[in-house]
Number of protein chains: 2
Amino acid sequence: MPRIKLIIEYDGGYYHGFQSQENAATIQTEIEKQVLRLTGEAIRIMAAGRTDAGVHAHGQVVAFDTQSTIPAEKWAKALNTFLPEDIRVLTSCQVSPIFHPQFDALRKQYGYYIYRQKPGASFYRRYALCMTEKLDIGRMEQAAQNFEGTYNFKSFCARGSSVKTYRRTVFQCIGHESGPLWRLTIEANGFLYNMVRIIVGTLLEVGRGKIKPDDIIPIIISQDRTRAGPTVPPQGLHLLRVTYPPEFEIEPGS
Amino acid sequence: MPRIKLIIEYDGGYYHGFQSQENAATIQTEIEKQVLRLTGEAIRIMAAGRTDAGVHAHGQVVAFDTQSTIPAEKWAKALNTFLPEDIRVLTSCQVSPIFHPQFDALRKQYGYYIYRQKPGASFYRRYALCMTEKLDIGRMEQAAQNFEGTYNFKSFCARGSSVKTYRRTVFQCIGHESGPLWRLTIEANGFLYNMVRIIVGTLLEVGRGKIKPDDIIPIIISQDRTRAGPTVPPQGLHLLRVTYPPEFEIEPGS
């Protein structure tokens, strides 16, 4: 049965996260509902990552199997006709039937936005953490680089989440300031639960002078969640991009 | 009785416009409700312009009279404590008791945003007109300049709206492209009902090649609404700034 890969974006502000839940609108439910409508098939979609309520995606990747005769590349348009306007399929293609959007992902890239002035906050409050507190951005950006590398990131994982290993490789962790907006871009081979939000919470403590940039590696090595900063709210978090091996990036036969 | 002037911003996407309506959330109702809560006074606020449902404001100006002892400059913080997060008071000050935000306005500036690519549209759809249609932006910007001047703008006024005179002076009408975002900035001594949205609808017809930049002045002079373009949707419209004579810009005695 052909497997279809979709790259989707969504404004997560109005959904109870990605994953299906009873009696709550989720991204997964909305997409599965429209596949049912188009094909009569009650399919289950797989996703690169199950984003939390309020988290946004610009390049989430999902896949599902279908016996429908809809050509793979027409799925984007077909779904967009019926999906809510805050969920958009950017591209659709056929992919190997062994492709899994989560397990085959080589890298995921997230952005976390902080909006740092009063005027305009009404418009950014659903897409960024809005705060006017004074922060030493230079030190935050210096500290951010210390997250790059392969470590046990248990200090940056929500307590109570079960996982086989806390070891992850962070390829890039970099801050960028653009007017009142500051963005942390972080790319890794995988993320622990709340990892980006705890990293940002820790960088804010650096910005406030409570943690020094040189403290980051000792905090990582301690494997002690209490030494890292608090978890920042979800609305500033954006799943930007998921990277796969080349064989899963290209439609077979194309 | 002291008159307080507020500069406010709001995300209009969740309100039924500025003006009070029975059984509908409006900007006016939200502010009056919070003044009542703070002072016990059932006041009426006056505004520079009554924005329609879905229209946003970055610098709306409102005023009201109060016998409260709250210092004028503390009103911003006091109101922000209780107002919904998508309505923010940017500044508050005392103003002459003869000040009226609508009648004393010398200039109002609006922006209208068009977002012109598929990726990202989920995030811009409440703040811009999202369209991927091919448009000749150069010709649109050339046409825009022809709106500058003092004219009878009846061709650019919603039919059925009663007004003493259709004569308005447009000081500036200029397009600006920034990546996938195009903004028309228009400043005038006043606007007719739907004037900005009909001007943008007409500029889109220029972008499609259906109207020429040189047709703009003849369309204005015709005073015929049917010769102008359609009215574009409200969500792209942003009230940016209102300018007053210097005596109303400064807090008396400060």
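The values are calculated or read from the model by the stated rules, or taken from the named source; none is laboratory data. Because the structure is predicted, anything quoted here is derived from the model rather than measured. Using ideal geometry, Cβ is built from the backbone for each residue, glycine included, and neighbour counts are taken over all protein chains shown. Calculation scope for accessible area: heavy atoms of the full protein, side chains included, ligands and nucleic acids excluded. Shrake-Rupley method; radii C 1.70, N 1.55, O 1.52, S 1.80 Å.
Can you list the residues of segment A:179-212 with backbone N under 17 Å from a point 7 Å past the Cα of A:THR132, pointing along Cα to Cβ?
Under cut-off, by backbone N: A:180-182.
How far is A:VAL163 from itself in the other copies, in nm, if each label sits 7 Å out from Cα along the Cα-Cβ line, shortest first?
Spelled out, the distances from A:VAL163's label point are 5.9 nm.
So how long is each side of segment A:66-203 along the principal axes, counting just the alpha-carbon atoms, biggest first, in Å?
57, 42, 26
How high is the relative contact order of chain B, in percent, with contacts defined as C-alpha pairs under 8 Å that are six or more residues apart?
After rounding, I find 24 percent.
Counting other Cβ atoms within 10 Å, which trypsin sites (Lys or Arg not before Pro) in segment A:97-175 have at most 16 and lie in a DSSP loop?
Listed in order of number, the matching sites are A:LYS134, A:ARG159, A:LYS164.
Please compute the Cα-Cα pair-distance distribution of the protein assembly as shown with 10 Å bins starting at 0, giving whole percents from short to long.
4, 16, 22, 23, 20, 11, 4, 0
Report, for B:ASP136, each distance to the same residue's label point in the other copies, shortest first and in nm; define the point 7 Å along Cα→Cβ.
Between copies, matching label points for B:ASP136 lie 5.7 nm apart.
Which loop GluC sites (Glu not before Pro) in segment B:65-159, with loop taken from DSSP, have no more than 14 other Cβ atoms within 10 angstrom of their Cβ?
Qualifying residues, ordered by number: B:GLU85, B:GLU133.
Using θ = phi - 60° and the Karplus relation 6.51 cos²θ - 1.76 cosθ + 1.60, list the HN-Hα couplings for segment A:163-173 in order, rounded to whole Hz, with x at every Gly or Pro.
Along segment A:163-173, the couplings run 8, 5, 9, 8, 7, 9, 10, 9, 7, 8, 8 Hz.
State, in angstrom, two size descriptors of chain A derived from its alpha carbons: Rg to one decimal place and Dmax to the nearest whole number.
19.2, 59
Let me have the 222 nm mean residue ellipticity of the protein assembly as shown computed from DSSP H runs of 4+ only, each contributing -39500 (n - 2.57), with the sum over all residues rounded to the nearest 500.
Taken over the protein assembly as shown, the calculation gives -6000 deg cm²/dmol.
Separation between the B:ALA24 and A:ASN152 pseudo-spin-labels, each 7 Å from Cα along Cα→Cβ, expressed in nm?
6.1 nm
Modelled label-to-label distance, B:THR91 and B:SER178, 7 Å Cα→beta-carbon offset: nm?
2.1 nm
In the full protein assembly as shown, how much of A:VAL89 is accessible to a 1.4 Å probe, in Å² to the nearest 10?
10 Å²
Chain pair B, A: how much accessible area is buried, both chains summed, with a 1.4 Å probe, in Å² to 100?
Looking at B and A, the buried total is near 1600 Å².
Just checking the output field for B:117-125: average partner chain Cβ neighbours within 10 Å of each residue's Cβ?
For this peptide, the per-residue mean of nearby foreign Cβ atoms is 6.
What residues from segment A:175-210 fall in the zone where the backbone N is under 19 Å from a label point 7 Å along the Cα-to-C-beta line of A:ARG167?
Counting only backbone N, you get A:188-193.
Would you list, by chain and number, the aspartates and glutamates whose Cα falls below 20 Å from the Cα of A:LYS74, excluding same-chain residues fewer than 8 positions away?
A:GLU9, A:GLU30, A:GLU32, A:GLU41, A:ASP65, A:GLU85, A:ASP86, A:GLU249, A:GLU251, B:GLU133
Can you tell me the FRET efficiency between A:ARG159 and B:LEU36 if r is taken as the Cβ-Cβ distance and R0 is 41 Å, rounded to the nearest 0.05?
Efficiency, from the Cβ-Cβ distance: 0.40.
Would you work out which of B:LEU106, B:ILE137, B:ILE199 lies farthest towards the positive end of the dipole of segment B:91-216, given +1 charges on the beta-carbon of Lys and Arg and -1 on that of Asp and Glu, about the Cα centre?
In segment B:91-216, that residue is B:ILE199.
What FRET efficiency comes out for the pair B:ARG208/B:GLN67, r = Cβ-Cβ distance, R0 = 51 Å, nearest 0.05?
0.35
Which net charge results for the neighbourhood of A:PRO230, defined as the other residues with beta-carbon distances under 14 angstrom from its beta-carbon, given Lys and Arg at +1 and Asp and Glu at -1?
+4
I'd like the orientation of helix A:27-39 relative to chain A: the angle between its Cα long axis and the longest Cα principal axis, in ° from 0 to 90, rounded to 10.
Taking Cα atoms only, the helix is inclined about 10 degrees.
Just to confirm the numbers: B:ILE217, label point 7 angstrom along the Cα-Cβ line, distances to the other copies in nm, shortest first?
7.0
Number of Lys-Lys pairs in segment A:104-169 under 19 Å by Cα, sequence gap 8 or more or different chains?
Qualifying lysine pairs in segment A:104-169: 4.
Measuring from the axis that superposes chain A on chain B, report the chain A residue with the minimal C-beta distance, rounded to whole Å.
A:ARG126, 5
Residue-wise, which Karplus ³J(HN,Hα) couplings in Hz belong to segment B:137-147, taking 6.51 cos²θ - 1.76 cosθ + 1.60, θ = phi - 60°, and x for glycine or proline?
Working through the residues one at a time gives 5, x, 5, 4, 6, 5, 5, 4, 4, 5, 7 Hz.
In whole angstrom, how long is each semi-axis of the equivalent ellipsoid of segment A:151-254, when you take the square root of 5 times every eigenvalue of its Cα gyration tensor and sort them from largest down?
27, 19, 12
When only DSSP loop residues count, what chymotrypsin sites (Phe, Trp or Tyr not before Pro) in segment A:85-189 have their Cβ near at most 14 other Cβ atoms within 10 Å?
A:PHE103
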